[in-house]
Amino acid sequence: MQSRLRGDALTTPHVFYLHGFASSAKSTKAGFFGAKLRERGLTLHTPDFNEPDFSTLTITRMIEQTTAAVSALPPGPVILIGSSLGAFVAVQTALRLATSTSHPIVRLVLLAPALDFSGNRTRDLGDRGLEEWQSTGELNVFHYGYGRLIPVHYELYTDARGYDCVNAELTMPIQIFQGTRDTAVDPTSVEKWAASRPNVELHMLDDDHQLTESLDHIWQSVDRLIG
C-alpha cells in the first residue's frame, strides 16, 4: 500500500456511489457502503445508470446523471465512490465540477477502476468482439442487476473514446482499491496510474474484480478518508 494521502477532516459531505457496468444502484457494494454511512449519520446517494434504458447507456449520460444529482443537493463538499466503469465516471465528473464552489468534489474512492478504453478494454463486456459489435451495432452482455442478457448499443464505446481518464489531472485526495486477481481491469495499469499521482493512496488487494472479500478493509480506509 502507498500511504501518501493527506487531507483535513470534512464538514458533513454528500457521498455518492457510482455503480459499474451492467450492475445497479442496489448492488452488494452499494448496500454495504449505504449501511456503513448510515451508522455515521450520512446518506449514500446512488444514481441508477440503467435508467431510462440500459441499452442506450453512454458515458456522457452517466456523467450528466451524476452532475444533475449532485447539483440537486444543498451546497456542500462531495465524495464520489466509483466502482469499475463508475470509477471512470467519477473521474470525469470530478473534472467537470473542478471549478464548482457550491459542490466541490473533495475526495474520490475508486474501486477496481476501469480508466482505460484502449487495449483490452472490451475483453469482458460480453459475447462478441469489438469488430462485430461495431458491425451489428449491439453487444449482448449479462446484466448482473437484472440477471439476464441485454443488448447495449455501440455508441457506448464510441462515446467513451471521447473521454480521457489516463491523463486526467486531479488534485483532491484519492483512494484506489484494486484486486491483484482482477481479470476485467489490468492491475498493472492501475498501479501505473496511481504511481504518477502523489495525491493517490493505492491499496493492492488479494481479491478479484468484485472486491467483496475486502469490503471491511476498504471501509476502514474510506472511513479514515472521510474524517
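Please specify each residue of segment 85-103 satisfying the condition of being surrounded by 18 or more Cβ atoms within 10 Å (Cβ to Cβ) and not hydroxyl-bearing (Ser, Thr, Tyr).
Residues satisfying the conditions are LEU85, GLY86, ALA87, PHE88, VAL89, ALA90, VAL91, GLN92, ALA94, LEU97, HIS103.
For (1) farther than 17 Å from VAL91 by Cβ; (2) exposed (fewer than 12 other Cβ atoms within 10 Å of the Cβ); (3) at pLDDT 95 or above, each residue gets a yes or a no:
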site	(1), (2), (3)
ASP127	yes, yes, no
TRP133	yes, no, no
VAL141	yes, no, no
ILE176	no, no, yes
GLY179	yes, no, yes
ASP182	yes, no, yes
ALA195	no, yes, yes
SER214	yes, no, yes
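Kindly indicate the residue of segment 36-72 that is among the hydrophobic types (A, V, I, L, M, F, W, C), out of contact with any helix residue (DSSP H, G or I) (no Cβ under 7 Å at 6 or more places or on another chain) and open to solvent by less than 40 Å² (accessible area, probe 1.4 Å) and also farthest from THR99 (Cα to Cα) among those meeting that condition.
The qualifying residue farthest from THR99 (Cα to Cα) is PHE54.
Take the conditions surrounded by 13 or more Cβ atoms within 10 Å (Cβ to Cβ) and assigned to a loop (DSSP other than H, G, I, E, B) and apply them to LEU156. Does it pass?
Spelling it out, it is not the case that LEU156 is surrounded by 13 or more Cβ atoms within 10 Å (Cβ to Cβ) and assigned to a loop (DSSP other than H, G, I, E, B).
Taking segment 5-28 on its own, how many of its residues are more than 21 Å from PRO151 (Cα to Cα), open to solvent by 20 Å² or more (accessible area, probe 1.4 Å) and modelled with pLDDT of 95 or more?
So the count comes out to 2.
Within segment 198-209, is there a residue that is closer than 18 Å to GLY86 by Cβ and either without any contact (Cβ under 8 Å) to a residue 24 or more places away in the chain or part of a helix (DSSP H, G or I) (or both)?
There is no residue in segment 198-209 that is closer than 18 Å to GLY86 by Cβ and either without any contact (Cβ under 8 Å) to a residue 24 or more places away in the chain or part of a helix (DSSP H, G or I) (or both).
Restricting the search to segment 32-47, which residues are of a type in the set (A, V, I, L, M) and in a loop (DSSP other than H, G, I, E, B)?
LEU42 - this is the single residue of segment 32-47 that is of a type in the set (A, V, I, L, M) and in a loop (DSSP other than H, G, I, E, B).
Which residues, counting only those in segment 104-119, are touching a helix residue (DSSP H, G or I) at 6+ places or on another chain (Cβ under 9 Å), open to solvent by less than 50 Å² (accessible area, probe 1.4 Å) and in a loop (DSSP other than H, G, I, E, B)?
Across segment 104-119, the qualifying residues are ALA112, PRO113, ALA114, LEU115, PHE117.
Here's the yes/no breakdown for (1) more than 14 Å from the chain's Cα centre (by Cα); (2) in a helix (DSSP H, G or I):
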{"residue": "SER23", "(1), (2)": "no, no"}
{"residue": "ALA30", "(1), (2)": "no, yes"}
{"residue": "PHE49", "(1), (2)": "no, no"}
{"residue": "SER55", "(1), (2)": "yes, yes"}
{"residue": "GLU64", "(1), (2)": "yes, yes"}
{"residue": "LEU73", "(1), (2)": "yes, no"}
{"residue": "THR93", "(1), (2)": "no, yes"}
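Restricting to segment 167-197, name every residue that is farther than 28 Å from GLY31 by Cβ and in a loop (DSSP other than H, G, I, E, B).
ASN167, ALA168, GLU169, THR171, SER196, ARG197
The values are calculated or read from the model by the stated rules, or taken from the named source; none is laboratory data. Remember, predicted model here, so these are calculated numbers, not experimental data. Cβ: placed from backbone, ideal geometry, glycine included. Neighbour counts: every protein chain shown. Surface areas here come from the heavy atoms of the whole protein model, side chains and all, with no ligands, DNA or RNA. Shrake-Rupley method; radii C 1.70, N 1.55, O 1.52, S 1.80 Å.
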